[in-house]
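Encoded as structure tokens, the structure appears first; notes follow it.
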Amino acid sequence: METFKKVNYIVLLCGLALIVTGVCLMYGPGSTDTEFCPDIFSTRRIKVAPLVCLAGYVTCGLSIFVNSERKDKNRA
């Protein structure tokens, strides 16, 4: 009996891809002691990227519960 099926791994990899995408959206230039960069407060870095990461974590969590086997009620 297998713990994870192929479908579980596919959903898990999609979740990991979402997490990596969210982290990449957070990248950008930062502020230094001598120069302020207002890009650190952009909508992409403050709102979109964390939501994408959160969706990735939820997808990874749901990959545990995905069941690819369908049970027929007619089978004994």
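We did not get these values from a lab; they are worked out from the coordinates using the rules stated. A quick note: this is a predicted structure, and the numbers were derived from the prediction, not measured.
Nearest 10 degrees, 0 to 90: what angle lies between the long axis of helix 49-62 and the longest principal axis of the chain (Cα atoms)?
Roughly 20 degrees between the two axes.
Using each residue's phi in the range 22-33, evaluate 6.51 cos²θ - 1.76 cosθ + 1.60 at θ = phi - 60° and report the 3J(HN,Hα) Karplus result to the nearest Hz, with x for Gly and Pro.
Working through the residues one at a time gives x, 5, 5, 5, 7, 5, x, x, x, 7, 10, 5 Hz.
Plugging the Kirkwood radius over Cα pairs into Stokes-Einstein for the range 6-62, at a temperature of 25 °C and a viscosity of 0.890 mPa s, what D comes out in µm²/s? Before the final figure, lay out each step's value.
Values: Rh = 12.3 Å.
Diffusion coefficient, whole number: 199 µm²/s.
Calculated from DSSP H runs of 4 or more alone, at -39500 (n - 2.57) each and per residue, what is the 222 nm mean residue ellipticity of the chain, nearest 500?
Numbers: 2 runs with 35 residues, N = 76.
Theoretical 222 nm ellipticity from helices: -15500 deg cm²/dmol.
Normalised by the number of residues in the chain, what is the relative contact order in percent for Cα pairs under 8 Å and 6+ residues apart?
Numbers: 73 pairs, mean separation 33.2, N = 76.
Averaging sequence separation for qualifying contacts and normalising by length gives 44 percent for the chain.
Quick check: Cα centre of the range 1-34 to Cα centre of the range 39-62, how many Å?
10
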